[in-house]
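Novice: Sending over a structure as structure tokens; questions will come in a sec.
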Amino acid sequence: MSKFYGVSVGPGDPELITIKAKKAMESCKVIATPVTKGEKTLALDIASGIVDFKDREIVKLNFLMVRDKDALHESHIEEAEKISRYLDEGKDVAMLNLGDASLYSSFSYIAEIIDDWGYEIEVIPGVTSFCATAAKLKTSLTQMHKPLHILPA
């Protein structure tokens with residue numbers, strides 16, 4: 001059975017992509033990547049620093065950035081349908097995600113739909129921007145008895 005991977009590519013430095021993420025990208029013949037209005041593929045651009053995608057089929061995913069829940073859900077279904085076509089052909093699909101695929105990620109919406117349709121899913125964690133920033137600043141995000149809270153902007 002084919003598998004849908006949520007592959008985290010980290011905060012922008014290709015050297016922060018995990019070995020497991022690299023292996024998943026190398027093994028999948030289909031790479032799904034979010035695109036901006038200007039057709040930029042930031043996650044793919046980052047991953048291209050360590051993986052050669054020339055023999056891969058690239059599927060561009062367009063995600064609405066609106067507050068209308070019905071429009072968002074319909075958009076997510078359309079993008080999930082693109083992915084399911086490849087899964088039905090027996091092809092594994094890796095969806096690239098900035099930072100970590102489990103944190104404020106478009107992948108989570110698509111994965112929920114794909115999972116409901118009965119496909120196998122694997123999430124590959126990655127380095128988040130706030131962890132990379134703490135490392136760059138040589139500081140700890142938290143210490144004993146000090147909680148860490150993650151709040152949306």
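Please treat every number below as a calculation from the coordinates, not as lab data. For clarity, every value in this text was computed on a predicted model and none was experimentally measured. Cβ sites come from the backbone with ideal geometry, for glycine too, and all protein chains shown count toward neighbours.
Novice: Report, in debye and to the nearest 20, how large the dipole of the chain comes out about its Cα centre when Lys and Arg carry +1 and Asp and Glu carry -1 on their Cβ.
Specialist: 720 debye
Novice: Helix 106-116 against the longest principal axis of the chain: what's the angle in degrees, Cα atoms only, rounded to the nearest 10?
Specialist: With both axes taken from Cα atoms, the answer is about 50 degrees.
Novice: Okay, moving on. Out of the DSSP beta bridges found with both residues in the stretch 3-136, what percent are antiparallel (nearest 5)? Intermediate values should be presented prior to the final figure.
Specialist: Details: 1 of 20 bridges.
Beta bridges within the stretch 3-136, antiparallel portion: roughly 5 percent.
Novice: Any of K40/K82; K20/K91; K23/K146; K23/K136 with alpha carbons more than 24 Å apart? Name them for me. Working shown, then result.
Specialist: Working: K40/K82 19 Å; K20/K91 19 Å; K23/K146 36 Å; K23/K136 26 Å.
In this structure, K23/K146; K23/K136 lie more than 24 Å apart at Cα.
Novice: Would you indicate which of (1) 4.10; (2) 1.08; (3) 2.63 is the value of Cα Rg over 2.2 N^0.38 Å derived from the coordinates of this structure?
Specialist: (2)
Novice: For G10, list long-range residues whose amide hydrogen, built 1.01 Å from N in the peptide plane, is under 5 Å from its own amide hydrogen.
Specialist: So G10 has HN proximity to G99, V127.
Novice: Sticking with this structure for a sec: Under the definition of Cα pairs under 8 Å and six or more residues apart, what whole-number percent is the relative contact order of the stretch 3-136? Before the final figure, lay out each step's value.
Specialist: Details: 241 pairs, mean separation 56.4, N = 134.
Relative contact order of the stretch 3-136: 42 percent.
Novice: Of V123, Q143, V66, which is farthest along the charge dipole of the stretch 35-147 in the positive direction, counting Lys and Arg as +1 and Asp and Glu as -1 at C-beta?
Specialist: Q143
Novice: Also: By per-residue mean of other Cβ atoms within 10 Å, what is the highest-first order of 1-10, 133-142, 43-52?
Specialist: On the way: 1-10: 23.8, 133-142: 10.6, 43-52: 17.7.
The peptides rank, most packed first, as 1-10, 43-52, 133-142.
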